[in-house]
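Structure first, commentary second.
The values are calculated or read from the model by the stated rules, or taken from the named source; none is laboratory data. Note that the structure is predicted; figures quoted are calculated from it, not measured. Neighbour counts run over all protein chains shown; Cβ positions are idealised from the backbone, glycine included.
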Amino acid sequence: MQTDKKYTVAGTDIEEVKRLNANSGLTFNELNALIAKTGGKGSAPYSDTDPSQVKSEMRGE
């Protein structure tokens, strides 16, 4: 009997894990981007905000 399913050594169904992960919500990077856009602490590397533009706006320029 031939089966198309792939299993790890521990018996985990690889395709099932991929399917569940695809339906589990935001990825790590998607979540970091969302936090950056909403002003989360430590999110500067993921932010698309131009710091010089913000400083200019704060000074009224």
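Tabulated data for the structure shown
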| item | result |
| --- | --- |
| Elements of type helices (runs of 4 or more DSSP H) in the chain, at least 3 residues being over 13 Å from the mean Cα position of the chain (by Cα) | 14-22, 51-59 |
| Breaking point among (1) exposed (fewer than 10 other Cβ atoms within 10 Å of the Cβ); (2) modelled with pLDDT under 75, for G25 | (2) |
